[in-house]
Amino acid sequence: MPDSKVHRVNKQVFPLLAPGVRSILQEIDVNTWQKVEEIRLREGRPLTLCWSGGEAMLTSRGQVSGAGEAYRVKPDDLSLTLQLISNCSLYAFEEELRRGYLTVPGGHRVGLSGKAVLEKGSIKVLRNINSLNFRIAREIRGIANYVIPYLITSSRQKPWSTLVISPPQAGKTTLLRDLVRCLSDGMPEKKFRGFKVGLVDERSEIAGCFEGSPQMDVGVRTDVLDGAPKGEGMMLLLRSMSPEIIVTDEIGREEDASSIEEMINAGVTVIASAHASTPEELYYRPTIKRLFNQHVFHRMVVLGRSRGPGTLELVQDPVRERNLYQPKTGGR
Amino acid sequence: MDETFVRLTGAICILVSAALWGEMKARSLGLRLAHLQHFQQALRLLSTEISYTATPLPRAFEVIGRRINGPVGEIFSRASRVMRDSNEMGAGEAWRQSLKQGTGETYFNQEDLKIAEQLGISLGLSDREGQIKQIQLVSRQMEYALEEARQAKNKNERMWRYLGVLGGLALIIFFCKREGIPWKALT
């Protein structure tokens, strides 16, 4: 399975890079690719690979070096890469240019930064792109297996509503994706059937939709609403797709909270994620605090990086205020 | 009798080829005008494709290639194929390459080609507004070239035809004089 990541990068990411950059990256060995999470192209600055807790600047022969000798990304590299990403038509991605990223086949995301053009005080479009960040999508099947038993209890027909929290890059999205797949496909060996899952993927991160079709395996009973605002999207799916479970990423705004309340009132299980390192941090966020006070979430899953990204740190029942899982060694 | 026949044939050959040369010259003026008009039409189509449906360039160029006949359409079709097949080239480069390959087929002069080449600048590299502006810029310059071509056609088309025939006649007379043939001997 690890080789498949290298294979995916080769097949899906390399064709999108300018030939100059591509030939450098082709020199990188397989072991490095295993851990690489980001490829960063900044105009006039070193070509850099990033992973959690490390980075490497590359020379024009693909060797790791200091900033001094590193290959500096040329403006032509950037513009050609942009053309290759956008099928020679950046103008067809105005919505993406406004949001600052686009999703490419394979579900990888390319973040963009440049000059923002404003209209009525908000960003209308990005021009003169000077930084690109390829975030390589991880698809780790089976990562949800450890969590599933806490979400489903034999006394109840449905999984509990769950909030997954973690600091950035600790595997929230990866876990959420695998949860969606498991809940949607069902797991006969754990004796539960598949559920109808509605996935509101505002930032195309979970399903990695490219032109509307999911690039990641999100299960057989999943309906993906790609690019819709979470609040509105949840309501739409509730009306149109009769989901049993609604899944969404990174909640926090007022309208997200009120939509989630609607879901719970309609008897739909909600599985969501939020940025936070510890459960305590959440209580400073009024919207999420309100959801807890209303006993919306019966399970809280905390991820961390203490033993690599995606380490399960804690599973809690916030309603009964009980810890269901806590590593014996004490994660941190 | 035999000699007269050879001379007569020679004279007719000269006359016909000179007239054809003149005709060709005259026609190239008309063809340049037609190709420039095709190009303008293509720009209008491209504008529409970009501003209303944000069609990606490879597809938009393909549509244009199908709608516009002749070598101008072919330039767009070829650029579309280049963009689809290559993963080393942006739209601008694909356009320039295709234009270069099509130079022999169109009747564009150097100036026209320079204008057409400008379409490649920032092609596919800016938002809709930027693209439309660039297309308009090229289109406006094309309009001047078109006006010039129109005038050249009106002014010179007939001239080339006459020049062909008259030049042919002049050549015949010149040869007759040089050979010392009284040129009435031809008739």
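The values are calculated or read from the model by the stated rules, or taken from the named source; none is laboratory data. No experiment lies behind these values; they were computed from the predicted model shown. Virtual Cβ from ideal backbone geometry, glycine too; neighbours counted across all protein chains shown. The protein model used for the area step is the full one, side chains on, heavy atoms only, and it has no ligands, DNA or RNA in it. Shrake-Rupley method; radii C 1.70, N 1.55, O 1.52, S 1.80 Å.
Taken as a whole, the condition of being within 14 Å of chain B (Cβ to nearest Cβ) and surrounded by 19 or more Cβ atoms within 10 Å (Cβ to Cβ) does not apply to A:LEU151. Pick from segment B:86-103 the residues that are in contact with a helix residue (DSSP H, G or I) (Cβ under 7 Å, 6 or more places away or on another chain) and part of a helix (DSSP H, G or I): which of them is nearest to the other protein chains (Cβ to nearest Cβ)? Of everything passing the filter in segment B:86-103, B:ALA91 is nearest to the other protein chains (Cβ to nearest Cβ). If the condition is being facing another protein chain (nearest Cβ under 9 Å) and more than 19 Å from B:THR55 (Cα to Cα), then segment B:70-85 contributes no residue at all. Contact map, segment A:91-111: first residue within 14 Å of chain B (Cβ to nearest Cβ), second residue at pLDDT below 85 and part of a helix (DSSP H, G or I), Cβ cut-off under 6 Å, separation 6 or more or different chains; pairs are A:LEU102/A:GLU96.
Any residue at all in segment A:290-302 that's in contact with a Gly (Cβ under 8 Å, 6 or more places away or on another chain) and not small (Gly, Ala, Ser)? Walk me through how you get there before you give the answer.
Applying the first criterion (in contact with a Gly (Cβ under 8 Å, 6 or more places away or on another chain)) to segment A:290-302 yields none.
For segment A:290-302, residues in contact with a Gly (Cβ under 8 Å, 6 or more places away or on another chain) and not small (Gly, Ala, Ser): absent.
Residue under question is A:ASN31, and the condition is that it be exposed (fewer than 15 other Cβ atoms within 10 Å of the Cβ), within 14 Å of another protein chain (Cβ to nearest Cβ) and without any contact (Cβ under 8 Å) to a residue 24 or more places away in the chain; does it hold? It is false that A:ASN31 is exposed (fewer than 15 other Cβ atoms within 10 Å of the Cβ), within 14 Å of another protein chain (Cβ to nearest Cβ) and without any contact (Cβ under 8 Å) to a residue 24 or more places away in the chain.
Of all residues in segment A:108-127, those being out of contact with any Phe, Trp or Tyr (no Cβ under 7 Å at 6 or more places or on another chain) and surrounded by 14 or more Cβ atoms within 10 Å (Cβ to Cβ) number 8. Among residues of segment B:132-155 being closer than 18 Å to B:LEU99 by Cβ and within 14 Å of chain A (Cβ to nearest Cβ), the one that is surrounded by the fewest Cβ atoms within 10 Å (Cβ to Cβ) is B:GLN134.
Going by the structure shown, is A:SER242 polar (S, T, N, Q) and open to solvent by less than 30 Å² (accessible area, probe 1.4 Å)? Taking the combined requirement at face value, the residue does not satisfy it. Residue count for segment B:101-117, restricted to those that are at pLDDT 90 or above and β-branched (Val, Ile, Thr): 1. Quickly run through segment A:48-83 and pick out the residues that are more than 23 Å from the chain's Cα centre (by Cα), open to solvent by 20 Å² or more (accessible area, probe 1.4 Å) and under 28 Å from A:GLN215 (Cα atoms). Scanning segment A:48-83 gives A:SER79, A:LEU80. The number of residues in segment A:2-15 being open to solvent by 20 Å² or more (accessible area, probe 1.4 Å) and within 14 Å of another protein chain (Cβ to nearest Cβ) comes to 4. B:ARG158 fulfils the conditions (1) away from chain A (no Cβ under 14 Å); (2) open to solvent by less than 30 Å² (accessible area, probe 1.4 Å) except for a single criterion, (2). The helices (runs of 4 or more DSSP H) found wholly in segment A:37-152 and carrying at least 1 residues that are under 28 Å from B:GLY120 (Cβ atoms) and touching an Asp or Glu at 6+ places or on another chain (Cβ under 8 Å) occupy A:75-85, A:94-99.
Just to be sure before I move on: is B:PHE108 surrounded by 15 or more Cβ atoms within 10 Å (Cβ to Cβ), under 16 Å from B:GLU49 (Cα atoms), of a type in the set (A, V, I, L, M, F, W, C) and in contact (Cβ under 8 Å) with a residue 24 or more places away in the chain in the structure I sent? Answer is no for this residue.
All told, A:ALA18 meets the bar of being within 14 Å of another protein chain (Cβ to nearest Cβ), among the small types (Gly, Ala, Ser) and over 23 Å from the mean Cα position of the chain (by Cα).
In the set (1) among the hydrophobic types (A, V, I, L, M, F, W, C); (2) farther than 25 Å from B:ARG84 by Cα; (3) within 14 Å of chain B (Cβ to nearest Cβ), A:LEU78 fails one condition alone, (2).
Within segment A:216-332, considering only helices (runs of 4 or more DSSP H) that don't extend past its boundaries, which have at least 3 residues that are in contact with a Leu (Cβ under 9 Å, 6 or more places away or on another chain)? Walk me through it before giving the result.
Values: elements: A:230-241, A:254-265, A:279-282, A:286-293.
Per the criteria, A:230-241, A:254-265, A:286-293.
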